[in-house]
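Asker: Pasting in a structure now, in structure tokens, and then I'll have a few things to ask.
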Amino acid sequence: MTPLIELRNIYKFFGGLCATNDVSLTIGKGEVIGLVGDNAAGKSTLMKIIAGVHKPTSGEYLIDGEKFVAHSPRSARNAGIEMVFQIQDMALVPELDVADNLFLGKELYRKTLGLNLNLVLDRRAMQERSRVLLHELGINIPAVTEKVKYLSGGQQQSVSIARTVFFDARLVILDEPTSSISIKETRKVLDLILQLKAKGISSIIVSHRMDDIFTTADRILVLRRGRKIEDVRKEHTSMDDIIKKIINAEKESMSQETLNQPTA
Amino acid sequence: MKDVSKRLAQLCLSHSIVAVLILLSVAMALLSDKFFTAANWANVLNNLAVPGIVALGVALVVIAGGIDLSFSSMLAACAALAAWLQPQNFWLALIGPLALGAALGAFNGLLVVKLGANPLISTLGTQWLFLAALFIITGGGIVQGNMEGPFHLIANGRLAGVPLPILLLLLLAAATSFLTTQTSLGKYIYAHGSNNCGLRFAGVNANAVYLKTFVLMGLIVGVAGIVLSSRLGGVRPTEGNRYLIVVLTAVLLSGVSLNGGVGSLFHVLIATVVLGVIDNGMVLLAVEYKYQQMIKGCVFILAILYNNYTTKQLAMLRVSKR
Ligand SMILES: Nc1ncnc2c1ncn2[C@@H]1O[C@H](COP(=O)(O)OP(=O)(O)O)[C@@H](O)[C@H]1O
Ligand SMILES: [Mg+2]
């Protein structure tokens, strides 16, 4: 079966800095990938390449086995790739209510004088469908008519993720989705990722919390200074192993740095 | 329970301008028996048709997260053009000012949207620019139109006993309310003011939304220009300046947030009526002109403080509710 996403020898340079160094990976349909690594390992950069935000300096990017050339967030989204941001640079509109946010950019309209003029918003239909979707995903929100700014961080994150389902996502990219929400809410967001998986939607989750990774991921990838140093199925590894990989890798890179400095 | 009281506080804060209008009207009715007469109300509303219409347009831009201070000069320019065209052709005198308003709005919009200019500063600049251009074109004198014919009727005619300017004001208030609450463009205007990145992220052309808002405001100012021209007959280049404070006061008083994303066009209408009642009250109570100016200045300052206060209180409700 062709994987949903395939990266081959991807490099990304920022000036002289190699943020992504010869990374190859595949993401299967309905597969959840956990991506870990120390700060500045290049996790966000890799996510942004997949989301079409960054264009790789070199390498191949295939979706459904076909080359993805038009690097833009919009064309990635057209291919079914959605990125959920952290709440601090969130993509929701705080002054609009939940239903208005879920349907932002894809509004439903009432008929005007029996014609489809796309003039008058059909708020009732959008609210009803929002209610159904949120219920389906087990997202608990006081009312779909509540302004997003009155929701908790976890609820906002859940709405962001639910929105990707509305956008017919096939791959959801979550860059540290639980970094600024409570532990109780974290659990809900993780459940949501598993719900997406049950719907056949793939996801990549970046997190510093091993718990997040081990509850959701099928496969775990470790990045270090832009390089992929581990790519292993969850059942073939353990939390200790992964943490060791990250820490050892850190020691290694430290010693490398000290080695490199005199020559530089 | 706590939620209910909070919701109530939220409701009271966001509709407080309606209470202000009621209290003010009751006070005026007690102070002057002329206040609650049909003739007086027709007079009040008739006087606020022009600033009321302009305030609707300015409020749209503020909700979208910007501001347009050039409306005074735009208003004078549209009115002058109407006065100039009106002896030649009635329809041209309607279309011309609307087109000019839209064009000036687009000019402001392009400065802000395409060139990234700060709207406060750049529209202060265009206020001067448009006014100076008007002085040059008119030579600084009055642009005189005819004082009769169908064009004269716009500001002076009545329909079913109601002065036409009042009907126009109500019509535009209804239309802009409809736009902001029932259409996707209206929703996008709020979204742009609240978080334009979010709007962009949803795949909406946020720049186009912002630009359209400026053009829409220009069109609305064009309508006000037609009414003003019809009322005055002759238009001086500085004609718009006396509306500067009253329009901004109305927008601030209505609870439209200067941070964008918040406000109701219905409240803008109510806030304009409040200012009209204050104006009318000062006349009925025979307040001297110099004191009237001072009171207006004070109301403006109060409006800023009031706007600040409600915005903050609403924000606090949000924090404590988390
Ligand atoms: N837009 C950018 N311009 C220049 N350097 C960048 C940019 N984005 C990331 N980097 C650099 O690339 C490296 C990897 O960053 P990032 O992908 O954000 O790491 P992570 O998400 O794993 O913490 C860092 O050294 C960072 O400073
Ligand atoms: Mg990161």
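Asker: How big is the shadow of the Cα convex hull of the protein assembly as shown, averaged over all directions, in nm²?
Answerer: The directionally averaged projection comes out at 34.7 nm².
Asker: Among A:25-35, A:122-132, how do they line up from the highest to the lowest mean number of other beta-carbon atoms within 10 Å?
Answerer: A:25-35, A:122-132
Asker: Using a basic spin-label model with each label point 7 Å from the Cα along Cα→Cβ, how many nm lie between B:ILE301 and A:ARG131?
Answerer: Label at B:ILE301, label at A:ARG131, 5.1 nm between them.
Asker: For region B:214-297, with all protein chains present and a 1.4 Å probe, just round the carbon and sulfur fraction of the accessible area to a whole percent.
Answerer: Roughly 66 percent of what the probe reaches on region B:214-297 is carbon or sulfur.
Asker: Given the rule -39500 (n - 2.57) for each run of at least 4 DSSP H residues, summed and divided by the residues of chain B, what is its mean residue ellipticity at 222 nm, to the nearest 500 deg cm²/dmol?
Answerer: -26500 deg cm²/dmol
Asker: Additional query: Run the count for region B:2-321, please: Lys pairs, Cα-Cα under 28 angstrom, 8 or more apart or on different chains.
Answerer: Taking region B:2-321 as the scope, the lysine pair count is 14.
Asker: D for chain A, whole µm²/s, Stokes-Einstein with Kirkwood Rh over alpha-carbon pairs at 4 °C and 1.567 mPa s: what number?
Answerer: Working: Rh = 19.7 Å.
Roughly 66 µm²/s, to the nearest whole number.
Asker: Another one. Using Cα pairs closer than 8 Å and at least 6 residues apart in sequence, work out the relative contact order for chain A, in percent.
Answerer: Computed value for chain A: 26 percent relative contact order.
Asker: Further question on the same structure: Find how much the distance from B:LYS34 to B:PHE178 grows on full extension, using 0.36 nm per residue of separation minus their present alpha carbon separation; answer in nm with one decimal.
Answerer: Full-extension gain reported as 48.4 nm.
Asker: Expressed as a rounded percentage, what relative contact order does region B:2-321 have, with Cα pairs under 8 Å and six or more residues apart?
Answerer: 34 percent.
Asker: For region A:1-118, please report how many Lys pairs fall under 14 Å Cα to Cα, leaving out neighbours fewer than 8 apart on the same chain.
Answerer: Lysine pairs meeting the criterion: 4.
Asker: Averaging sequence separations of C-alpha pairs under 8 Å and six or more residues apart, then dividing by the length of region A:30-145, give the relative contact order as a whole percent.
Answerer: Reported relative contact order: 15 percent.
Asker: Report which residues of region B:190-218 become buried by 40 Å² or more of accessible surface when going from the isolated chain to the complete set of protein chains (1.4 Å probe; DNA, RNA and ligands ignored).
Answerer: So the qualifying set is B:SER194, B:ASN195, B:PHE201, B:ALA202.
Asker: Share of antiparallel DSSP beta bridges in the protein assembly as shown, in percent to the nearest 5?
Answerer: The antiparallel fraction comes to roughly 60 percent.
Asker: Right, something else. Which percent of the accessible heavy-atom area of region B:1-82 goes to carbon and sulfur, probe 1.4 angstrom?
Answerer: Reported share for carbon and sulfur atoms: 73 percent.
Asker: When all C-alpha to C-alpha distances in region A:1-102 are sorted into bins of 5 Å, what percent of pairs does each bin hold, rounded to whole numbers?
Answerer: Result returned by the calculation: 3, 11, 19, 23, 19, 12, 7, 4, 1.
Asker: Provide, in order from the shortest bin, the percent of all Cα-Cα pairs of region A:86-153 in each 10 Å bin, continuing until the bin that contains the maximum pair distance.
Answerer: In order of increasing distance, the bins hold 20, 47, 25, 7, 1 percent.
Asker: Still on this structure, please answer the following. Determine, for each peptide in B:296-303, A:36-43, A:142-149, the mean count of other beta carbons within 10 angstrom over its residues, then list the peptides with the highest first.
Answerer: A:36-43, A:142-149, B:296-303
Asker: Let me ask another. With equal scatterers on the alpha carbons only and no solvent term, can you work out the Debye log10 of I(q)/I(0) for chain B at 0.08, 0.09, 0.10 1/Å?
Answerer: -0.37, -0.47, -0.58
Asker: Turning to a different aspect of this structure: According to the Cα gyration tensor, what semi-axes, each the square root of 5 times an eigenvalue, does the equivalent ellipsoid of region B:37-191 have, listed from largest to smallest in whole Å?
Answerer: Working: eigenvalues 147, 106, 35 Å².
Working through the eigenvalues yields semi-axes of 27, 23, 13 Å.
Asker: Further, regarding this structure: In chain A, what % of DSSP beta bridges are antiparallel (nearest 5)?
Answerer: Bridges in chain A that DSSP calls antiparallel: roughly 55 percent.
Asker: Starting from the exponent 0.38 and prefactor 2.2 Å, build the expected Rg for region B:4-99 from its residue count and divide its actual Cα Rg by it.
Answerer: Values: Rg = 19.3 Å, N = 96, 2.2 N^0.38 = 12.5 Å.
The reported ratio for this selection is 1.55.
Asker: So what is the diffusion coefficient of region B:154-225 in µm² per second by Stokes-Einstein at 37 °C and 0.692 mPa s, using a Kirkwood Rh over Cα pairs? Please report the intermediate quantities before stating the final value.
Answerer: On the way: Rh = 13.8 Å.
This corresponds to a translational diffusion coefficient of 238 µm²/s.
The values are calculated or read from the model by the stated rules, or taken from the named source; none is laboratory data. Predicted, not measured: the structure shown is a model, and the values here were computed from it. Methodologically, a virtual Cβ is constructed for each residue, glycine included, from the backbone with ideal geometry; neighbour enumeration extends over all protein chains shown. With ligands, DNA and RNA removed, areas are computed over all heavy atoms of the protein, side chains included. Shrake-Rupley method; radii C 1.70, N 1.55, O 1.52, S 1.80 Å.
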